[in-house]
1. If I ask for residues that are open to solvent by less than 50 Å² (accessible area, probe 1.4 Å), over 22 Å from Arg136 (Cβ atoms) and of a type in the set (A, V, I, L, M), which ones from the range 176-193 would you list?
2. Report yes if Leu144 is in contact (Cβ under 8 Å) with a residue 12 or more places away in the chain and buried (at least 22 other Cβ atoms within 10 Å of the Cβ), otherwise no.
3. Cβ-Cβ below 6 Å, separation at least six or inter-chain, first residue in the range 155-175 and more than 12 Å from Lys227 (Cα to Cα) and open to solvent by 30 Å² or more (accessible area, probe 1.4 Å), second in a strand (DSSP E or B) and modelled with pLDDT of 90 or more: which pairs?
4. What's the total number of residues in the range 28-53 that are assigned to a helix (DSSP H, G or I), surrounded by fewer than 14 Cβ atoms within 10 Å (Cβ to Cβ) and free of Cβ contacts under 8 Å to residues at least 40 places away in the same chain?
5. Within the range 75-132, count every residue that is open to solvent by less than 60 Å² (accessible area, probe 1.4 Å) and either under 19 Å from Pro48 (Cα atoms) or part of a helix (DSSP H, G or I) (or both).
6. State whether the residues of the range 81-89 include one that is basic (Lys, Arg) and within 16 Å of the chain's Cα centre (by Cα).
7. Could you say which residue among Gly86, Gly151 is free of Cβ contacts under 8 Å to residues at least 60 places away in the same chain and not hydrophobic (A, V, I, L, M, F, W, C)?
8. Mind listing just one residue for me: the one in the range 206-230 that is under 15 Å from the mean Cα position of the chain (by Cα) and among the charged types (D, E, K, R) and, of those, most open to solvent (accessible area, probe 1.4 Å)?
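The values are calculated or read from the model by the stated rules, or taken from the named source; none is laboratory data. This structure is a prediction, so every number in the text was calculated from the model and none was measured. In this analysis, Cβ positions are derived from the backbone assuming ideal geometry, glycine residues included, and neighbour counts consider all displayed protein chains. To get the accessible areas, we keep the full protein, side chains included, count just its heavy atoms, and leave off ligands, DNA and RNA. Shrake-Rupley method; radii C 1.70, N 1.55, O 1.52, S 1.80 Å.
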Amino acid sequence: MSSKKSTPTQAFLSENKKSLNPITEEQQYVHDVYEKIAQHFSSTRYKPWPVVEEFFKELEIGSIGIDVGCGNGKYLDVNRNIYIIGADRSSNLIEISASRGFESLICDALKLPYRNECFDFVTSIAVIHHFTTPERRITAIKELFRIAKPGSKVLIYVWAMEQTESRRKFDENHQDVFVPWVIPADKNEKREEIVYKRYYHLFKKGELDELVLNTGLAKIIRSDYNKDNWYVIAIKK
């Protein structure tokens, strides 16, 4: 945590990460950060992305699925004709999701507490990019397909290296970076601006597709760019 004065634009001009133990790095620069910023983060997460909303609304009535990395639960009531369980590593975000009346569970995306082939659909929106090694990213993706029924759809979103809709600019030679989350100063609370560093692996075009196909568990039916993210919709074999 830092109280150093900064602006989102300046901070996003990139700070390359140093190599740490994967578990330690994710704990320090992902899990701990989201616990601290949960309330502020949640206040910025309220409008569904169009592709994700479309995915949920096209599902068969009565489908039961899970959003792995649900955050504050903003997608869990997009379609009232299906039932979506929320799962997230952050206890503070799950508390927010549960307070909104959603079934929400704290769990690790690398070892989901659900039996094989139990969901009609699975989503993972802006989660996989927080894992620090290719092995951990593919393990997390395999977990998504493990809990999906054969023939069911899985939607995965990850941050793109090629970002065209925001002010963020990254060095294409450095895919592993720290990205700041800025909590503005508050004169009423006598609080200075606070900047937290979050770890991201920035995906290049085709990289997510390759990971999905390398699981051997699915076929891709749609792959595209949206909202500064690459996404894949795949069918579980």
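1. Matches in the range 176-193: Val182, Ile183.
2. The answer is yes for Leu144.
3. If the second residue must be in a strand (DSSP E or B) and modelled with pLDDT of 90 or more, the pairs left are Gln175/His201.
4. 1
5. 30
6. Scanning the range 81-89 turns up at least one residue that is basic (Lys, Arg) and within 16 Å of the chain's Cα centre (by Cα).
7. Gly86
8. The selected residue is Lys227.
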